[in-house]
1. For the ranges 59-70, 135-146, 154-165, what's the packing order if you count other beta-carbon atoms within 10 Å of each residue, average per peptide, and put the highest first?
2. By the gyration tensor of its Cα atoms, with a ≥ b ≥ c the square roots of the eigenvalues, what is the shape of region 1-99: rounded for a/c under 1.5, prolate for a/b over b/c, or oblate?
3. Once phi is turned into ³J(HN,Hα) by the Karplus curve 6.51 cos²θ - 1.76 cosθ + 1.60 with θ = phi - 60°, what whole-Hz value does each residue of region 155-163 show in order, with x for glycine and proline?
4. If you find the alpha carbon centre of region 19-49 and of region 101-162, how far apart are they in angstrom?
Amino acid sequence: MSKINPILNNVVIKPLRKMSVAPGMEKVRKGFCNNNLGLINGIAISSIILKDGLGCYMYVTQSLNNKKIPDDKRKFVAALDLANGGLMIAMQILLHMTISNKLVQSKMFNKLYGKYFSRSVTKGYQAILKSQDKYKNMTGQQFHAAMDTIHGKAVGAFSNITSLFAATTIGKRIIVPFMATPLADKTKAWMCRNDKPQEISPETKNTYNEAKPENNKKEETKKA
């Protein structure tokens, strides 16, 4: 533990302390304390996008400097990494902005869970509550105000879950892989726009028989 504590202090505790007093953190703290789901969701998506951006940069740099990849193939591999990373970031932002739209969320929530907040069902909830001594004096106005609060919280939670799921699963793992490979050729062309023609590496040359037609004819004559 004596060896772990200094590492923990330098790697986790000190950075977190500095981040806690950074500009803008007061607003973040208030947002979390007030359960501001929009702010919390935005921070979650932003952190994922920043992580993917850093990962994209590292993958591209690694591919361009990887000596195990033939020279004439490095930029294509790097272009694939760049296209994949760029599409992931763009698709996550797009899906988050689309799915988190209030009108879209309202329609999705009402279709899936609206029946649980219908008038006939809420009357049943109210009757159950009134049967308990603790809530027997609750007025209709108090009940409906509480139900409106519950409905708002449920829609907010549903919005956060679905937008995060759409961005990180549907966009990142399903849509992006289909688009990244075709886009890699265009990305490579952009990366190589100022490059001089490069010789093909012997490791990637086509190894089919390249004998001259005359030699092939002679061999066929001998066999006949």
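1. 154-165, 59-70, 135-146
2. Working: a/c = 3.97, a/b = 1.39, b/c = 2.85.
Taking the square roots of the gyration eigenvalues as a ≥ b ≥ c, region 1-99 is oblate.
3. Values per residue, Gly and Pro as x: 5, x, 5, 4, 4, 5, 5, 5, 5 Hz.
4. 27
Read the figures in this text as sums done on the coordinates, not as results from a lab. The model shown is predicted, which means the values in this text are computed figures rather than measured ones. Positions of Cβ are backbone-derived with ideal geometry, glycine not excepted, and every protein chain shown enters the neighbour counts.
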